[in-house]
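Scroll down for the structure; my scribbles are underneath it.
The values are calculated or read from the model by the stated rules, or taken from the named source; none is laboratory data. Here the structure is a predicted model, which means the values were calculated and not measured. Cβ: placed from backbone, ideal geometry, glycine included. Neighbour counts: every protein chain shown. Each accessible area value is taken on the protein alone, full model and side chains, heavy atoms only, with ligands, DNA and RNA left out. Shrake-Rupley method; radii C 1.70, N 1.55, O 1.52, S 1.80 Å.
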Amino acid sequence: MQVLVPFEATRPKTRLDPLLAADERAAFARAMLRDVLSALLETGHDPVVVATAPVDLGDDVLEGVPVTVDERPLSTAVNSRLGGTDPVGILVSDLGLVTPRAIGSLVAAGAEADVAVAPGRGGGTNGLVVSHPEFRVDFHGVSIRDHLNAAESVGADVRLVDSMRLATDVDEPSDLVEVLLHGEGEAAAWLRAAGFELAVGDGRVGIDRTV
Ligand SMILES: Nc1nc2c(ncn2[C@@H]2O[C@H](COP(=O)(O)OP(=O)(O)OP(=O)(O)O)[C@@H](O)[C@H]2O)c(=O)[nH]1
Ligand SMILES: C[C@H](OP(=O)(O)O)C(=O)O
């Protein structure tokens, strides 16, 4: 199955600004993208990066992953690639905890319903598998609610995917704690190499930067 991976390549992860400089945000966003693409390849699916600008994925196993540049807004770019006869997956690129097993739960749900949806924390949508020809995405804001309404409006049945790893997209500095705790890929390694570590106290675990 083709899986679209949208990627904001121009000014990624601006909500991490207090913690990461612009070049660091770009490097970290790329590390998360590489984790998502590696996990998709490991599950045997066909990722296509839909980016706002050209992206250098590196010269390893990811070298062959197609990158198509589409400067239109996120939902417009994705929707222009829906409506065909085959199921299409969509997976956001900022899943710092992603694993092949987590992706498998989304794909399995997509085999059981017209639309499978992986909610993100805070009301977002982090993954979909769309088999209904009339369903269209509507990202940003409380998109999980918008997507459930959109499915109902076209008569598509829905399967929600309950996955910590798919629900954890990295938007805010506090999300980095989850990557350090549960991440298994390049994104977690990037944070550690950049000097980030857990700050363990009486309350919830925080994050510190040693360098
Ligand atoms: N192709 C495309 N992808 C986008 C666009 N905006 C966001 N994305 C991607 O969609 C997913 C979720 O978007 P955000 O969490 O808002 O990512 P972001 O824009 O880098 O983060 P912020 O700057 O903090 O809003 C990520 O995979 C982004 O890379 C866009 O306009 N076009
Ligand atoms: C993709 C988008 O991400 P957000 O802009 O909410 O972080 C969404 O979840 O609808």
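Among the residues making up the range 68-110, those that are open to solvent by less than 10 Å² (accessible area, probe 1.4 Å), farther than 13 Å from Val129 by Cα and not small (Gly, Ala, Ser) are Leu95, Leu97.
Here Leu20 meets the list (1) assigned to a loop (DSSP other than H, G, I, E, B); (2) surrounded by fewer than 20 Cβ atoms within 10 Å (Cβ to Cβ) almost entirely, failing just condition (2).
Just checking, does the range 119-142 include any residue being basic (Lys, Arg), surrounded by fewer than 23 Cβ atoms within 10 Å (Cβ to Cβ) and either in a helix (DSSP H, G or I) or more than 14 Å from ligand 2 (Cβ to nearest atom) (or both)? No, because not a single residue in the range 119-142 is basic (Lys, Arg), surrounded by fewer than 23 Cβ atoms within 10 Å (Cβ to Cβ) and either in a helix (DSSP H, G or I) or more than 14 Å from ligand 2 (Cβ to nearest atom) (or both).
Note on the range 95-118: residues that are under 28 Å from Ala189 (Cα atoms) and part of a helix (DSSP H, G or I) amount to 8.
Listed conditions (1) open to solvent by 80 Å² or more (accessible area, probe 1.4 Å); (2) within 22 Å of Val49 (Cβ to Cβ); (3) free of Cβ contacts under 8 Å to residues at least 60 places away in the same chain are all met by Glu184, apart from (3). In the range 137-166, the residues that are hydroxyl-bearing (Ser, Thr, Tyr) reach residues that are open to solvent by less than 60 Å² (accessible area, probe 1.4 Å) and part of a helix (DSSP H, G or I) with C-beta atoms within less than 7 angstrom, at least six apart or across chains, in these pairs: Ser163/Ala102; Ser163/Ser105. The set of residues from the range 143-174 being among the hydroxyl-bearing types (Ser, Thr, Tyr), part of a loop (DSSP other than H, G, I, E, B) and open to solvent by 30 Å² or more (accessible area, probe 1.4 Å) comprises just one member, Ser174. From the list Pro119, Pro173, the one residue that fits, being touching a Lys or Arg at 6+ places or on another chain (Cβ under 9 Å) and within 16 Å of ligand 1 (Cβ to nearest atom), is Pro173.
Within the option set Arg25, Arg15, Arg34, Arg72, being of a type outside the set (Phe, Trp, Tyr), part of a helix (DSSP H, G or I) and closer than 17 Å to Ile90 by Cα holds for one residue only, Arg34. Looking only at residues in the range 87-118 that are hydroxyl-bearing (Ser, Thr, Tyr) and touching a strand residue (DSSP E or B) at 6+ places or on another chain (Cβ under 9 Å), the one that is farthest from ligand 2 (Cβ to nearest atom) is Ser105.
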